[in-house]
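K.L.:
Before I ask anything, let me first share the structure, which is written out below as structure tokens.
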Amino acid sequence: MSLDAAEEEEVSSQEVKIPADIDWKMLDKSKFFFLGAAFFSGVSATLYPIVVLKTRQQVAQSQVSTIRIAFWVVRLEGFRSLYRGFGTSLMGTIPARALYMAVLEITKSNVGTTAIKVGFPDSTAAAMANAAAGLSAAVAAQMVWTPIDVVSQRLMVQGGNRHKFSNSLSSTKYLNGFDAFRKILNSDGLRGLYRGFGISILTYAPSNAVWWASYSVAQRLVWDGIGFYLCKKDDDMFENGVSALRSDCKTVIAVQGVSAFMAGGVSAVITMPLDTIKTRLQVLDGDENGRKGPTIGHTFRNLVREGGLMACYRGLWPRWASMSMSATTMITTYEFLKRLSAKNQEGLT
């Protein structure tokens, strides 16, 4: 027998012990939400400038590179403008994220348990549970996120009118998030704060469902593909004559990060046109009387008139980078958070 054949036979006689998922019932809820607010606030602060540049690029009247927009923003408005609207965004992100995590975990736990009872294989049940959880969590969180998006994005683009590549941005000036909230509510009513809510659901709900399902599938593929080479042999664990390979903490984080990066990049590309339309609906002025906001069809036609179908992909690279990095950071932070918040720490590797 050759050396390669011997190695293949040894690998085939070993099984990777994939770390068990931590469901809603296993979590210390107060610890989970407190640590979650702290962790995700830090992540949001790190990635916020990329979101600002993406938003500026999406409302530009012509195709402009991310680097050029960054240069003009910093040169004309100062570095602090990259964090314009961050306070408002953070205030809304904390309750929205808490709602998102609660709905996500509750749905995932219930759907996963039901799917297994019905007779679906573990991998299929996990993908179904993740997809349903992502969809439900996105719909619930948008009730909080949409008004915060409208206000923070108005603040993000404020000052952009001085750029030669700017579009017909809102002419109203805002002192801060509270001032923007008041003025939008006075001029457009509650409907103004929820401008783009429908397309936000169309953007984020399927995107979250696809992302969480893809993440579940990608994670299992990565474990099956390279798990044998990353895990350590556990001589104390045998099942049906097959020795188990146990993963350490670093391996788990690496696999989760790679899986999240893959899922985030795919979701960014698929949902980019809807995100561009959503951003313009929430930021740009409507008709001349200021009472009626632009429609989805009108916004889409304007985009195509400005630069063809590719205009819908303005801001793709910063959004792709933001979503991929955010997904990688968020999921590793999220999984780490769940392990820190588990009631019983024994057996978690």
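The values are calculated or read from the model by the stated rules, or taken from the named source; none is laboratory data. Predicted model, so just to flag it, every value in this text is computed and none were measured. So basically every Cβ, Gly included, is an ideal-geometry build from the backbone, and we count neighbours across all protein chains shown. Surface accessibility is based on the protein's heavy atoms, side chains included, excluding ligands, DNA and RNA. Shrake-Rupley method; radii C 1.70, N 1.55, O 1.52, S 1.80 Å.
K.L.:
For the stretch 118-142 and the stretch 296-349, what is the separation of their Cα centres, given in Å?
P.N.:
Spelled out, the Cα-based centre of one part sits 18 Å from the other.
K.L.:
Checking the a/c ratio against 1.5 first, then a/b against b/c, what shape does the Cα gyration tensor give for the stretch 65-155?
P.N.:
Judged from the Cα gyration tensor, the stretch 65-155 comes out prolate (a/c at least 1.5, a/b above b/c).
K.L.:
Counting only heavy atoms of the protein chains, get the accessible area per residue of the stretch 88-142 (1.4 Å probe) and round it to a whole Å² value. Intermediate values should be presented prior to the final figure.
P.N.:
Numbers: 2260 Å² over 55 residues.
Dividing the accessible area of the stretch 88-142 by its residue count gives 41 Å².
K.L.:
Considering only Cα-Cα distances, which of the following residue pairs are longer than 26 Å: Lys25/Lys117; Lys250/Lys343; Lys31/Lys183; Lys31/Lys250; Lys29/Lys108; Lys183/Lys278?
P.N.:
Details: Lys25/Lys117 18 Å; Lys250/Lys343 22 Å; Lys31/Lys183 37 Å; Lys31/Lys250 23 Å; Lys29/Lys108 16 Å; Lys183/Lys278 20 Å.
Cα-Cα > 26 Å for Lys31/Lys183; rest within.
K.L.:
Give the Rg/Rh ratio for the stretch 72-122, taking Rg as the radius of gyration of the Cα atoms and Rh as the Kirkwood radius, to two decimals. Display every interim value, and only then the final one.
P.N.:
Working: Rg = 20.5 Å, Rh = 14.4 Å.
Rounded to two decimals, Rg over Rh is 1.43.
K.L.:
Could you work out the local net charge near Leu303, counting Lys and Arg as +1, Asp and Glu as -1, over the other residues with Cβ closer than 10 Å to its Cβ? Mind showing how you got there, number by number?
P.N.:
Working: positive: Arg280, Arg301, Arg305, Arg314; negative: Glu306.
Summing Lys/Arg as +1 and Asp/Glu as -1 gives +3.
K.L.:
Round to the nearest 0.05 the FRET efficiency obtained for Lys343 and Asp224 when R0 = 30 Å and r is the Cβ-Cβ distance. Mind showing how you got there, number by number?
P.N.:
Details: r = 30 Å, r/R0 = 1.00.
That gives a FRET efficiency of 0.50.
K.L.:
Roughly to the nearest percent, how much of the accessible area of the stretch 90-131 is carbon and sulfur, given a 1.4 Å probe?
P.N.:
Working: 1370 of 1960 Å².
Carbon and sulfur atoms account for 70 percent of the accessible area of the stretch 90-131.
K.L.:
For Lys29, what is the net charge nearby, where nearby means another residue's Cβ is under 13 Å from its Cβ and Lys, Arg count +1, Asp, Glu -1?
P.N.:
On the way: positive: Lys25, Lys31, Lys338, Lys343; negative: Asp23, Asp28, Glu105.
It works out to a net charge of +1.
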